């Protein structure tokens, strides 16, 4: 009858590999699909365009004031759609300089990120989360500007509306990407939802804003 012995694992000689220093795990980086990259380029470019036009009109408005003249921006179509009223408001320079100048920088960054992704760039988790935080700030700032336009200034700027829509779309799609990649902790059902219906949140978001605009000046639109 043979006797079975149990070898003490702790007494086994270590393999040569165990003496070599362990490699640090590679930091995870992630690129995006072509669709998200193009979306960032398009929405960023739309924001740059809106900010550029508003900035030029703001300069023309200030120049006309200095000369004692009156300048009416091309997007001032009626008492409601009145870009000039928005540009002359205190809310148009929240940080001490015209808001669109901030847009020229931030939307330009979005375009650069989109172009980099199209070129095959891959970014670490902290980069994606920082980018997401930036789009969140933009969305919150736009929400504040919407409230001010609708209920304090009582006028709309079409170029501002374009920037709002662009910001909302980029925020939801970047958030969806981070959730699906696991950069933002989320339950499985939410990952599945964003995987199939990423378009739903931005459509609902923009739809709600459209309804607020419609109801705010209902008598004007239907008069």
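No lab work stands behind these numbers, since they all come straight from the coordinates. Owing to the predicted nature of the structure, the values given are computational and were not obtained by experimental measurement. With ideal geometry, Cβ positions are generated from the backbone for all residues, glycine too; neighbour counts draw on all protein chains shown.
Maximal additional length on extending the residue 62-residue 78 stretch stands at 3.7 nm, based on 0.36 nm per residue less the C-alpha distance. As a calculated quantity, the FRET efficiency between residue 214 and residue 125 at R0 = 35 Å, using C-beta atoms, amounts to about 0.30. The angle between the Cα long axis of helix 99-118 and the longest principal axis of the Cα atoms of the chain comes to about 40 degrees, rounded to the nearest 10. Here the residues 146, 170, 211, 101, ranked from fewest to most Cβ neighbours within 10 Å of their Cβ, fall in the order 211, 101, 146, 170.
The helix-based estimate of mean residue ellipticity at 222 nm for the chain, built from -39,500 (n - 2.57) per DSSP H run of four or more residues and divided by its residue count, is -21000 deg cm²/dmol to the nearest 500. If you fit an axis through the alpha-carbon atoms of helix 158-181 and take the longest principal axis of the Cα set of the chain, what angle between them do you get, 0 to 90°, nearest 10? Result, in degrees: 10. From the coordinates of this entry, mean projected area of the Cα convex hull in nm² is computed, and it appears in (1) 11.7; (2) 21.6; (3) 12.9 under the label (2). Taking Cα atoms only, the orientation of helix 200-216 departs from the longest principal axis of the chain by about 20 degrees. Ranked for footprinting exposure by Cβ neighbours inside 10 Å, fewest first, 165, 174 give 165, 174. Over the chain, Cα pairs under 8 Å with separation of 6+ residues give a relative contact order of 27 percent.
Estimated from the Cβ-Cβ distance and a Förster radius of 25 angstrom, the FRET efficiency linking residue 35 and residue 116 is about 0.95.
Counting pairwise Cα distances across the stretch 145-209, what percent come out greater than 13 angstrom?
Working: 1389 of 2080 pairs.
That fraction is 67 percent.
Arranged from fewest to most other beta-carbon atoms within 10 Å of their beta carbon, 109, 206, 54 become 109, 206, 54.
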